[in-house]
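Asks: Structure in structure tokens, see below.
The values are calculated or read from the model by the stated rules, or taken from the named source; none is laboratory data. Worth saying up front: this structure is predicted, and the values here are computed from it rather than measured. Glycine also receives a Cβ, built like all others from the backbone with ideal geometry; neighbour counts cover every protein chain displayed. Surface areas here come from the heavy atoms of the whole protein model, side chains and all, with no ligands, DNA or RNA. Shrake-Rupley method; radii C 1.70, N 1.55, O 1.52, S 1.80 Å.
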Amino acid sequence: MAEEPAGARSAQPPDAGGERPASATGRPAAEPAYASTGARFYPIMLAAMAVVIVLSGIGGSKAVQLGPILTDGAFFIFPFSYVLGDSITEIYGPRAARQAITTGFAVNIVSSSIYWVIIVLPGLSDGSNAARDAAFRLALGPVWQVVLAGVVGFAGGQSTNSLIMWLGKRRNHEKGLYGRLVSSTGAGELIDTLLFCLIAAHAIGLTAVGQVVNYTIVGYLYKIALQYALVPLTGRVITAIKRREPSYRAALAAA
């Protein structure tokens, strides 16, 4: 049975007369098909998203300068969280996407808490160990601020991304996949980048207004450029998983 966001009474909005839209046969239009989250690929995709988020929280604490471009150390990995988010929403539905977003919150907060515990543990007092302890504090000390920025940005961006994917599929079903991927990526990454960069910029050492603007604009353009370049591959992977998920095929046949 198709999944739908909490509070939605139906996967199809009522028309002006209060009835669900009818298909060409005069019967109510079928709801979009989604696979079961108990299927074999969902746990793998969820775990991959969690790994990407944790690594992005660490890499995002380092400012990186590539010529005139300012970015952070997670610039090459974080966009894959949106590729995974798109795939989960398209194949498994909005409830699965909310579960993935919640899991992302949890792993970010737990990892940040573990870093804090490690930092406050007393280290050895000899010279070499004291130097290592100071380096560890310097490297992972700002991570909690980056994690906070990541949680806020991820919540806003992924929620927008998932909503657009769901609305597009509710309207077009199996058609228009590439249009859903492009539109959801552009909107989701815009919100994510604005929120993340405004909160994280100071934590990674960017204090001048010009630096923050550079960091935000370049970050957004790079992320969507990478994800748009990956859209053909993302679409093929989604199609391949749909064909290999028995519960998706069953839902599609019943729709």
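Asks: Could you work out [θ]222 nm for the chain from helices alone, using -39500 (n - 2.57) per DSSP H run of at least four and dividing by all its residues? Round to the nearest 500 deg cm²/dmol.
Replies: My calculation for the chain gives -23500 deg cm²/dmol from helical runs alone.
Asks: Tell me the carbon and sulfur percent of the accessible area for the stretch 72-148, rounded to whole percent, probe radius 1.4 Å. Mind showing how you got there, number by number?
Replies: Details: 2770 of 3760 Å².
Carbon-and-sulfur percentage of accessible area, whole number: 73.
Asks: What is the Cα centroid distance between the stretch 26-75 and the stretch 232-251, reported in whole angstrom?
Replies: Centre-to-centre distance over Cα atoms comes out at 17 Å.
Asks: Follow-up. What helices does the chain have that are whole DSSP H segments, at least 18 Å long along their own axis by Cα, and with mean Kyte-Doolittle hydropathy of 0.5 or more?
Replies: 41-59, 94-120, 177-200, 209-244
Asks: Sticking with this one: Once the other residues with Cβ under 14 Å from the Cβ of Phe196 are scored (Lys, Arg +1; Asp, Glu -1), what is the net sum?
Replies: Combined, the nearby Lys, Arg, Asp and Glu give -2.
Asks: Accessible area per residue, 1.4 Å probe, Å², for the stretch 96-247: what's the number?
Replies: On a per-residue basis, the stretch 96-247 sits at 50 Å².
Asks: If you look at just the Cα atoms of the chain, how large are its Rg and its Dmax in Å?
Replies: 21.0, 81
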